[in-house]
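Written below as structure tokens is the structure these notes are about.
The values are calculated or read from the model by the stated rules, or taken from the named source; none is laboratory data. Everything numeric in this text was worked out from a predicted model, so none of it was measured. Note: ideal-geometry Cβ built from the backbone for every residue, glycine included; neighbour counts use all protein chains shown.
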Amino acid sequence: MEEYIASFPENTQKILIEVCEAIRSVVPDGTEELLAYGMPTFKYKKNLVHFAAWNNHLGFYPTPSGIREFQEQLSIYEGAKGSIKFLYSQPIPIDLIKQIVEFRVKEVISKSN
């Protein structure tokens, strides 16, 4: 994941590091960090979320259920069924990202019991 982050300009790296640290702060011990589909991915039993740097935005991929659960809060952002675009020209909603990741962790745990 660090190599992925290091491949971007410094201003983008700062955003990616902030997002990565935010996600790390809310995932359980034993969560894997890997690259999947060419993107940084957090996996706990199943994929929790992916994120990726693009030219003008951070792509955040919390699966369709993560988008549905937070559709009201995410309605101000452009997105699709399983993805959301956070423009670099606007503050990245770190607290919302953490809430979505926490939801995904609970969802994965409940489905694996």
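When segment 56-72 is filtered for residues that are touching a residue at least 12 places away in the same chain (Cβ under 8 Å) and in a helix (DSSP H, G or I), the ones remaining, listed by number, are Thr63, Pro64, Ser65, Gly66, Ile67, Glu69.
How many residues are surrounded by fewer than 17 Cβ atoms within 10 Å (Cβ to Cβ) and under 15 Å from the mean Cα position of the chain (by Cα) if we restrict to segment 80-90? So the count comes out to 6. Kindly establish whether Pro40 is farther than 17 Å from Met1 by Cα and outside any loop (DSSP other than H, G, I, E, B). Judged against the criteria, Pro40 is not a match. A search for C-beta distances below 7 Å between a residue of segment 28-55 that is within 17 Å of Ile94 (Cβ to Cβ) and free of Cβ contacts under 8 Å to residues at least 24 places away in the same chain and any residue that is surrounded by 18 or more Cβ atoms within 10 Å (Cβ to Cβ) and not small (Gly, Ala, Ser), counting only pairs 6+ apart in sequence or on different chains, returns His50/Pro40; His50/Thr41; His50/Tyr61.
Filter segment 47-76 down to the residues that are farther than 23 Å from Val27 by Cα and surrounded by 16 or more Cβ atoms within 10 Å (Cβ to Cβ) and list them by number. His57 - this is the single residue of segment 47-76 that is farther than 23 Å from Val27 by Cα and surrounded by 16 or more Cβ atoms within 10 Å (Cβ to Cβ). Only a single item in (1) assigned to a strand (DSSP E or B); (2) at pLDDT 95 or above is not met by Leu96, and it is number (1).
Total residues in segment 30-45 satisfying the condition of being of a type in the set (D, E, K, R) and modelled with pLDDT under 95: the figure is 1. Among the residues of segment 1-46, the ones that are surrounded by 12 or more Cβ atoms within 10 Å (Cβ to Cβ), more than 23 Å from Val105 (Cβ to Cβ) and in contact with a helix residue (DSSP H, G or I) (Cβ under 9 Å, 6 or more places away or on another chain) come to 3 in all.
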